[in-house]
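What follows is one structure encoded as structure tokens, with my remarks underneath.
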Amino acid sequence: MPRLNINGKNYDVDAEPEIPLLWAIRELVGLTGTKYGCGIAQCGACTVHVNGVATRSCSFPVSAAAGKNITTIEGLAPNGTLTKVQKAWLEHDVPQCGFCQSGMIMAVSALLKTKPKPTDADIDAAITNICRCGTFQQVRAAIHAAANA
Amino acid sequence: MNYVPKINRRSFVAGTAAVGGGLALGLDFLPSGPKVVRAADGSPEIGVWVVIRPDDVVVVRVARSEMGQGSLTGLAQLVAEELECDWSKVTTEYPTPGQSLARKRAWGDFSTGGSRGIRESHQYVREGGAAARMMLIQAAADMWKVPAAEVTAAKSVLTHAKSSRKTTYGKVAEAAAKLEVPKNVALKDPKDWKIAGKPLKRLDTAEKVNGKMIYGMDVKLPGMLNAAVKASPVHGGKVKSFDAAKVANMKGVVKVVQVADNAVAVIADTWWHAKSALDDLKIEWDPGEGGKVSSATIADILKEGLTAEKAFIGNQNGDIKAAIAGAAKKVEAVYAYPYQNHACMEPMNATVLWTPDKCEVWTGTQNGEAAFAATIAASGLPANKCDVHKIMLGGGFGRRGRADYVAQAVLIAKQMPGTPIKMIWSREEDMAQGSFHPITQCKMVGTFDDKNNLTGLHMRISGQSILAGIAPQRLNPDGSDGATFQGLNPNGETAFGYTVPNLLIDHAMRNTHVTPGFWRGVNVNHNAIYLETFMDELAAAAGQDPLEFRRKLMANHPKHLGVLNAVADRIGWKKPAPKGVYRGLSQMMAFGSYVAGAAEVSVTGNKIKIHRIVAATDPGHAVNPAQIERQVAGSFVYGLSALFYGECTVKNGAIEQTNFHDYNSLRIAEMPKVEAIVMPSGGFWGGVGEPTILVAAPAVLNAYAAATGKRVRSFPLKNHNLAMA
Ligand code: FES
Ligand code: FES
């Protein structure tokens, strides 16, 4: 039984090794903030951090996640204090339907860890999440705001 | 609105309030006078639209659905404006269609499509807010024994100035709830608005940044199982056979069931197990007649329609035949626009608990009442034993206005009485079972006299009718589909914006077995490309500037012209563009609003860089300009994704594209800078979510032609080896 460390807590999940991390998180651990959009690493809705690295959990087997530190959107602000990115998201009123936004926020949070002041080109290269509502203009503004906060 | 995800069996059985956007309603029967209706927490209703809690929190009821477009916030603004309440204490909740029916449709129409959410309910929701304010004022006046006319209301505080007394809405709510709801209420002049008309932030953002917002896919019920489903890949096909035994022993699998005559579902402990088993399940299909159809055969049928004798007329004046016969110059062009899938970020899903005497559904739907009707029909139970709890939608764009997926989930759950079943479509199923943007071709003919005046225009659209496919009861008596002429009608909310002496716009209806649907913007997506890029072709043929050419034809259409002039001014049409940058224009009216666009692009090899798009909207009244700006930019992402990448093709009757790798969507790197001009001219209520989508594609195509001299007339652009830079 793989042991997953998610948001600082250990979970022993009854999962076959090949089950995608996404479905272990959603269905076995019960955290539904991480979304399913495509299942083939195209859209980024399922992005979580695995040892700090933005990872598309729909295409990442649970066996590879065991023993690593996994952070989901629910664990981004563990004590309820929103991160700079979440605050910027609120201030810029970024989400429309919001379904892509957990993944978007996780991808952006990872980017700001490696590039605290990303240029537009850095953003273009690193943020490849799909948003069918088309919130990109607000996303870009909010990334810069978070970087400068 | 706040959905409470953690529920126990008892509260679930006891009432629906804890488990949906729904309200649990209690009734206090008073010895005389009207009864008080209470929300789940016991707070009284002040009329059907408003609940006021003792702590002054105002709960606004919203019947239309929130799918990202922001009308949940906009509708609350309208109610709050008339209510004169403290905006910082406003929250919202959804009534259920079952509750609405039980109260004689107290909340009116639930449907949320056609950019209608606000423009078709602003009157009665504002009246609801105003009536509640009057009741609160009356209650305070009664308490103080003063005339109501001496009591004023502002920011949830009631004041009697003469005696310097004050109280709050929460304190008089109980008394107000016992009063009759006034019938004749006066509404504010929009110029006096303080909450409506302002660029306020959305009410539903906090839970969208911390993962707490519950979408249909996130619903959890005690003892719930999960279902994955596959319907005939050829629409109209049927299940011939399937080998359930092969997967029955796979991990987690509980049951394999047929759903209606066209689908098979696997029910399992988790959705992943259900899907994995379904992927392994061998299903034999009878594709029916549709199995012989391909994109090429559809194209042939549409092509025939371009020159067919008979067609439905949408707009006509003068004598186009004579104009063509006597033309000094004639310009012709043929266009084609493909099928598109909505590809909502959240694939279709619904959760259902069916028992022999109750059927409850939790789902994201754009039309609670349509989902309710589908539930009643599929469940085999009477209306008073069914209900639908609306959950936040992970996108709608028109797709969730249909309730096919709700009916399917009910039919699955019915085979597991007493067990809640969450049915989720895989992305692949969502791609296969779309309600596709209709496919069309178009032949445009323009005629000139010897002085280069446009004398005639014939626009022949050949293609699929959405209404014929999914709502035949809404076809006109002659069988025509009025919606096909969006943006092209002689008048009304989608009026044609040009005056041409001899005009004929007609539609040769050519339907296929592929299910069509309302796709954000609907028929204006292709109508605007056809008309507005051809307008540029005509301007070029006449040797005239595209703006001046249009202006000459728009003298009788001042509001159309108003938005066009606004974008031309903002983009600097009269001034030269930066080196290597080219411009294009477009305009049309749709969903009651006037819209125009101006794009700046540069072209390097086969890469098109869109630097900037300016879009102007005149929606009459703008309820929330900040959200309108977001809808404009968002609609461009949707429209440009379709222009550059989007195409659903048909092979052996089935849609070939299966996921985002072959049905691509624009990313942040490709996002142009969008400048939205919101210019409400007052006096009418136009829609917002959809109209501007139509301006992006033609403006970009016209700019591309200005840059290269090349006209592209079939889409998407990837088929011409053109990409977004
Ligand atoms: S669901 Fe994982 S990338 Fe789309
Ligand atoms: S906000 Fe709806 S998909 Fe991004």
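The values are calculated or read from the model by the stated rules, or taken from the named source; none is laboratory data. All values reported here derive from a predicted model rather than from experimental measurement. Neighbour counts run over all protein chains shown; Cβ positions are idealised from the backbone, glycine included.
Restricting segment B:374-389 to residues that are part of a helix (DSSP H, G or I) and among the β-branched types (Val, Ile, Thr), the residue that is surrounded by the most Cβ atoms within 10 Å (Cβ to Cβ) is B:375.
For segment B:507-542, the set of residues classified as basic (Lys, Arg) and either in contact with a strand residue (DSSP E or B) (Cβ under 7 Å, 6 or more places away or on another chain) or at pLDDT below 95 (or both) consists of B:510 only. Being of a type in the set (S, T, N, Q), more than 14 Å from every other protein chain (Cβ to nearest Cβ) and closer than 30 Å to residue A:100 by Cα holds for only one residue in B:363, B:307, B:351, B:355, and it is B:363.
Listed here are the residues, each with its yes/no results for (1) at pLDDT below 90; (2) farther than 24 Å from residue B:152 by Cα; (3) assigned to a loop (DSSP other than H, G, I, E, B).
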| residue | (1), (2), (3) |
| --- | --- |
| B:81 | no, no, no |
| B:85 | no, no, yes |
| B:98 | no, yes, no |
| B:110 | no, yes, yes |
| B:113 | yes, yes, yes |
| B:126 | no, no, no |
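Would you confirm, using the coordinates I've provided, whether residue A:94 is more than 16 Å from ligand 2 (Cβ to nearest atom) and within 26 Å of residue B:68 (Cα to Cα)? So residue A:94 does not fit the description; no. Of all residues in segment B:231-254, none satisfies being under 19 Å from residue B:363 (Cα atoms) and touching a residue at least 24 places away in the same chain (Cβ under 8 Å). Of all residues in segment B:576-632, those that are within 17 Å of residue B:487 (Cβ to Cβ), touching a strand residue (DSSP E or B) at 6+ places or on another chain (Cβ under 8 Å) and in a strand (DSSP E or B) total 14. For segment B:683-718, residues that are within 17 Å of residue B:338 (Cβ to Cβ) and without any contact (Cβ under 8 Å) to a residue 24 or more places away in the chain total 1.
All conditions but one from (1) within 30 Å of residue A:92 (Cβ to Cβ); (2) within 13 Å of chain A (Cβ to nearest Cβ); (3) basic (Lys, Arg) apply to residue B:194; the one that does not is (2). Once segment A:118-143 is narrowed to residues that are away from ligand 1 (no atom under 16 Å from the Cβ) and part of a loop (DSSP other than H, G, I, E, B), the residue that is surrounded by the fewest Cβ atoms within 10 Å (Cβ to Cβ) is A:119. Any residue in segment A:76-86 that is farther than 25 Å from residue B:70 by Cβ, more than 16 Å from ligand 2 (Cβ to nearest atom) and touching an Asp or Glu at 6+ places or on another chain (Cβ under 6 Å)? No, that holds for no residue. Looking at B:176, B:186, just one residue is more than 14 Å from chain A (Cβ to nearest Cβ) and in contact with a Leu (Cβ under 8 Å, 6 or more places away or on another chain), and that residue is B:176. Take segment B:344-361 and flag every residue that is closer than 30 Å to residue A:129 by Cα and either surrounded by fewer than 24 Cβ atoms within 10 Å (Cβ to Cβ) or within 16 Å of ligand 2 (Cβ to nearest atom) (or both). B:344, B:345, B:346, B:347, B:348, B:349, listed by residue number. For segment A:65-78, the tally of residues that are touching a helix residue (DSSP H, G or I) at 6+ places or on another chain (Cβ under 8 Å) and surrounded by fewer than 20 Cβ atoms within 10 Å (Cβ to Cβ) stands at 1. The test for being of a type in the set (Asp, Glu), within 12 Å of another protein chain (Cβ to nearest Cβ) and in contact (Cβ under 8 Å) with a residue 24 or more places away in the chain holds for residue B:346.
With respect to (1) surrounded by fewer than 22 Cβ atoms within 10 Å (Cβ to Cβ); (2) more than 16 Å from ligand 2 (Cβ to nearest atom), the lone exception for residue B:119 is condition (1). Set side by side, the residues B:698, B:691, B:672, B:680 differ, and just one is over 22 Å from the mean Cα position of the chain (by Cα), assigned by TED's automatic domain parsing to the domain that holds residue B:579 and buried (at least 19 other Cβ atoms within 10 Å of the Cβ), which is B:672. Elements of the type helices (runs of 4 or more DSSP H) sitting completely within segment B:259-329 and holding at least 1 residues that are touching a residue at least 24 places away in the same chain (Cβ under 8 Å) and more than 30 Å from residue A:30 (Cα to Cα): these cover B:295-306, B:320-325. Selection over segment B:553-577 of residues that are over 32 Å from the mean Cα position of the chain (by Cα) and free of Cβ contacts under 8 Å to residues at least 12 places away in the same chain gives a count of 4. Restricted to segment A:1-45, and to residues there that are aliphatic (A, V, I, L, M) and farther than 25 Å from residue A:100 by Cβ, the residue that is farthest from ligand 2 (Cβ to nearest atom) is A:1.
Against the condition among the polar types (S, T, N, Q), assigned by TED's automatic domain parsing to the domain that holds residue B:719 and touching a Cys at 6+ places or on another chain (Cβ under 9 Å), how does residue B:665 come out, does it pass? Against the criterion (among the polar types (S, T, N, Q), assigned by TED's automatic domain parsing to the domain that holds residue B:719 and touching a Cys at 6+ places or on another chain (Cβ under 9 Å)), residue B:665 qualifies. Look at residue A:60 and say whether it is in contact (Cβ under 8 Å) with a residue 40 or more places away in the chain, under 26 Å from residue B:203 (Cα atoms), within 16 Å of ligand 1 (Cβ to nearest atom) and among the aromatic types (Phe, Trp, Tyr). When the stated conditions are applied, residue A:60 does not pass them.
Within the span defined as segment A:105-117, every residue fails to be facing chain B (nearest Cβ under 9 Å) and either part of a loop (DSSP other than H, G, I, E, B) or touching a His at 6+ places or on another chain (Cβ under 8 Å) (or both).
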